[in-house]
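The values are calculated or read from the model by the stated rules, or taken from the named source; none is laboratory data. Since the structure is predicted, the reported quantities are computational estimates derived from the model, not experimental observations. Here the Cβ positions follow ideal geometry from the backbone for every residue, glycine too, while neighbour counts run over all protein chains shown. Remember, those area values only see protein heavy atoms, side chains included, never the ligands or the DNA or RNA. Shrake-Rupley method; radii C 1.70, N 1.55, O 1.52, S 1.80 Å.
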Amino acid sequence: MKPIEMVDLKSQYKKIKSEIDTSIQNVIDNTAFINGPQVKEFQKELEDYLNVKHVIPCGNGTDALQIAMMGLGLQPGDEVITADFTFAATVEVIALLKLTPVLVDVEADTFNIDIEALKKAITPKTKAIVPVHLFGQCANMEAVLEVAKDHNLYVIEDTAQAIGADYTFSDGTTKKAGTIGNVGTTSFFPSKNLGCYGDGGAIFTNDDELAHKLRGIVNHGMYRRYYHDEVGVNSRLDSIQAVVLSAKLPHLDSYCNARRKAAEYYNKAFSNTDKIITPSTSAFSTHVFHQYTLRLIDVDRDALHKHLIDNNIPCAIYYPVPLHSQKAYADERYNEADFIVTNQLVESVISLPMHTELEEEQQDFITKTVLDFINK
Ligand SMILES: *Cc1c(COP(=O)(O)O)cnc(C)c1O
């Protein structure tokens, strides 16, 4: 059996090696490392794939969130609501911009923002909602859009974990994750579903005016060379990352399918125990399984974690601490009674190896090792 990896980027690379190697060599031969034509080409390809008017490439997924908030003109003191159960980047940029983060609880079954908690958190100062499509499936966007419309709020989708997921509205129309709100952001961190070979990110929007503004902000607030109309940042996708992404984008749907197939295999193996709750899929979103995350019932999660590691099965706790309890983001405004679900999830979740190259032999070993432990 091949050694099990949490994410097997090596085997994935081997399958597209000649294309990747040739296109990277091409960038080096032409030395247009920054703002080369390859970045525009990838931008266009991603616009077509997502069916969105504008893709603005940038340096990483965290920058993408920050730049989106800058582009929308959010001001210090504005409240921005996001989920308590997510990677810290989402809340970090809110705090960095001196906006006020408002964390709310999530749904136990989808791990995504709880709509009732969201409604409860709205105040006259609320300006934006950041739904995070956690682990690869969309938050309840129809409900989020309705709340946003009622209160005149911006919606910024954090699509770092869900690029490629399809959202279906109740009228049957579908949109790609990240193209539903005012603006969407993603990360091309190597282990993400569409990952490059370094850092990368992008912002998506159908709003022409906002897109223009964002293109300036990523480039020092310049709309004309050396004329700085506003305070911007330096955040770029480089040409080498762009060619890696162009080589991988045509495979994204098959990558998502491979992840779904691996998830089904796990689901089946775990279907006969009531100590494991396998990931649920909502009716309105496809799941692209950035992570395959189990909830455990009456199982010593940390002992299982250790048991798997001891058996050379990489696995991880996403996430072990709710954001409202992190030192950097703790705030006396928060009340533990408002985070019942997140507080339970951080104690009971475990994510198993999930990538495009998982083999049944590996999955058999993983599931057998998990089941042996919980049934002993
Ligand atoms: C990875 C991730 C980010 C940050 O992306 P980087 O490219 O690492 O900056 C933001 N939000 C979520 C939910 C993520 O998973």
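Residues of segment 299-350 being of a type in the set (Phe, Trp, Tyr) and in a loop (DSSP other than H, G, I, E, B), which ones?
Result: TYR318, TYR319, TYR329, TYR334.
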Criterion: away from the ligand (no atom under 16 Å from the Cβ), open to solvent by 40 Å² or more (accessible area, probe 1.4 Å) and either assigned by TED's automatic domain parsing to the domain that holds TYR329 or in contact with a helix residue (DSSP H, G or I) (Cβ under 9 Å, 6 or more places away or on another chain) (or both) - qualifying residue of ASP114, ASP29, ASP21: ASP114
Meets criteria (small (Gly, Ala, Ser), over 30 Å from GLU47 (Cβ atoms) and assigned by TED's automatic domain parsing to the domain that holds ASN343) for ALA262: no
Test set (1) at pLDDT 95 or above; (2) open to solvent by 70 Å² or more (accessible area, probe 1.4 Å) - HIS251 fails condition number: (2)
In segment 198-217, residue nearest to the ligand (Cβ to nearest atom) [restricted to those that are open to solvent by less than 40 Å² (accessible area, probe 1.4 Å) and in contact with a Leu (Cβ under 9 Å, 6 or more places away or on another chain)]: GLY201
Selection within segment 225-240 - of a type outside the set (A, V, I, L, M, F, W, C) and not in a strand (DSSP E or B): ARG225, TYR226, ASP229, GLU230, GLY232, SER235, ARG236, SER239
Residue identified as closer than 25 Å to THR179 by Cβ and either modelled with pLDDT under 95 or within 16 Å of the ligand (Cβ to nearest atom) (or both) among GLY195, GLY232: GLY195
Some residue of segment 320-333 being among the acidic types (Asp, Glu) and crowded, with 19+ Cβ neighbours inside 10 Å: no
Which listed residue, of GLU79, GLU41, GLU47, is surrounded by fewer than 22 Cβ atoms within 10 Å (Cβ to Cβ) and within 17 Å of THR205 (Cβ to Cβ): GLU47
Evaluation of VAL144 against (1) on the phi > 0 side of the Ramachandran plot; (2) surrounded by 23 or more Cβ atoms within 10 Å (Cβ to Cβ) (one fails), failing number: (1)
